[in-house]
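Inspection log for the structure reproduced underneath, given as structure tokens.
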Amino acid sequence: MDRKNCSFESRITTTNHPLTRKLFEIMANKKTNLCVAADVTTTEELVSLADKVGPHICLLKTHIDILTNFSQDTIDKLRDLAAKHNFLLFEDRKFGDIGSTVANQYSGGAYKIVEWADLVTVHGLPGDGVIKGLVSAINGRTRGCVLVSQMSSSGALTSEEYVENCSKMAENHTYFVVGFVSQSSKSGDPRFILFTPGVRLGKTGDGLGQQYVTPRSAILERGADIIIVGRGITQASDPVAAAKEYREEAFDAYQERIKH
Ligand code: 5FU
């Protein structure tokens with residue numbers, strides 16, 4: 001069973017991870033494989049964006065530490081919107097330290113990420129202690145992580161060997177890892193979801209190293225399951241219309257892929 005030829009529905013039973021299953025269900029039922037990168041800097045903008053694009057997304061990706069006015073109210077509102085529109089919360093924290101430190105970063109500090117983020121990103125660089133550290137902080141909650149195995153930015157040091165080693169790490173920790181943030185995939189394992197950022201229509205880069213491909217290219221050529229789109233939506237004159245456009249392009253490309 002090759003991941004790229006399978007429908008999201010048919011992949012539900014390939015995994016025991018409750019959040020992987022939930023995400024497949026959301027994608028299949030809502031007919032969307034769009035994740036919006038909500039890179040805005042105030043709670044008001046974040047909440048307003050989440051409510052507007054909510055019907056079109058399966059996941060809302062945050063960088064919670066770029067907010068100038070974060071509080072518990074931010075989280076209460078995001079969680080309400082996630083329930084209202086049926087999407088998951090994905091904090092792109094890119095944990096990358098020893099297990100003991102990431103456990104504290106995940107559960108403590110100002111953001112208490114473990115309390116509200118369904119999924120978080122993690123670098124495989126420190127070795128699998130980073131995963132064990134995060135898991136030690138979960139305390140019975142249903143949580144998962146996405147391993148950043150290959151970055152979209154130019155000159156990224158994520159070599160082929162690194163990508164392969166991240167795949168092995170994921171296979172050893174399937175109870176926590178739901179998939180990869182990557183630009184390509186050699187793995188056909190249907191349990192793992194491939195999330196691809198660096199997606200934008202009409203631009204190839206941002207002048208600061210980001211490199212873009214189109215939704216069709218991400219899904220049909222690179223094998224993405226979910227596209228992550230930030231400024232293509234947040235900086236559009238009409239973010240809702242842009243979200244609809246990316247959603248349709250991405251879901252059409254996915255449907256085209258599973259036909260073959
Ligand atoms: F792991 C990665 C990566 O390799 N590239 C990324 O761009 C994460 N990202 C995130 O996706 C980045 O931190 C932004 O939040 C988002 C892309 O935003 P853009 O506005 O679509 O370029």
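Derivation of every value follows stated rules applied to the coordinates shown; laboratory data play no part. Worth saying up front: this structure is predicted, and the values here are computed from it rather than measured. Note that we place each Cβ from the backbone using ideal geometry, even for glycine, and neighbour counts take in every protein chain shown.
Worth pointing out:
- Spin-label proximity, ARG79 to the range 137-163 - amide N less than 18 Å from point 7 Å beyond Cα toward beta carbon: 137-144
- Most positive-pole-ward Cα, ILE12, TYR106, SER167, against dipole of the chain from beta carbon charges: ILE12
- Distant-in-sequence amide H partners of PHE95 (H built 1.01 Å from N, under 5 Å): THR121, VAL122, HIS123
- Maximal additional length on extending the SER136-GLU221 stretch stands at 26.9 nm, based on 0.36 nm per residue less the C-alpha distance.
- Spatially close lysines, pair count over the range 161-260: Cα under 27 Å, gap of eight or more or interchain: 5
- Amide H within-cut-off set for GLY179, under 5 Å, with H built and near neighbours excluded: LEU147, ILE193
- Set LYS4/LYS77; LYS94/LYS132; LYS30/LYS61; LYS4/LYS30; LYS22/LYS132 screened for pairs whose C-alpha atoms are more than 26 Å apart: LYS4/LYS77
- Mean separation of Cα contacts under 8 Å, 6 or more apart, over the residue count of the chain: relative contact order %: 21 percent
- The ranking of PHE251, PHE192 from fewest to most other beta carbons within 10 Å of each one's beta carbon is PHE251, PHE192.
- Relative contact order, percent, the range 131-219 [alpha-carbon distance under 8 Å, six or more residues apart]: 27 percent
- Karplus-derived 3J(HN,Hα), 6.51/-1.76/1.60, for each residue of the range 72-84, Hz, glycine and proline x: 4, 4, 4, 5, 4, 5, 4, 5, 4, 5, 4, 6, 4
- For the chain, share of DSSP beta bridges that run antiparallel, in % to the nearest 5: 5 percent
- One chain, two ends: SER159 and PHE70. Fully extended at 0.36 nm per residue, the span grows by 28.5 nm beyond their Cα-Cα distance.
- From phi via Karplus (6.51, -1.76, 1.60), per-residue ³J(HN,Hα) for the range 231-239 in Hz, x at Gly/Pro: 4, x, 9, 5, 9, 6, 5, 10, x
- Extension gain, THR13-ASN29: 0.36 nm per intervening residue step, less the Cα-Cα distance, totals 4.2 nm.
- If only the Cβ of Lys and Arg carry +1 and only the Cβ of Asp and Glu carry -1, the dipole of the chain around its Cα centre is close to 480 debye.
- Highest average packing first - 133-144, 224-235, Cβ atoms within 10 Å: 224-235, 133-144
- Amide H within-cut-off set for TYR212, under 5 Å, with H built and near neighbours excluded: GLY205
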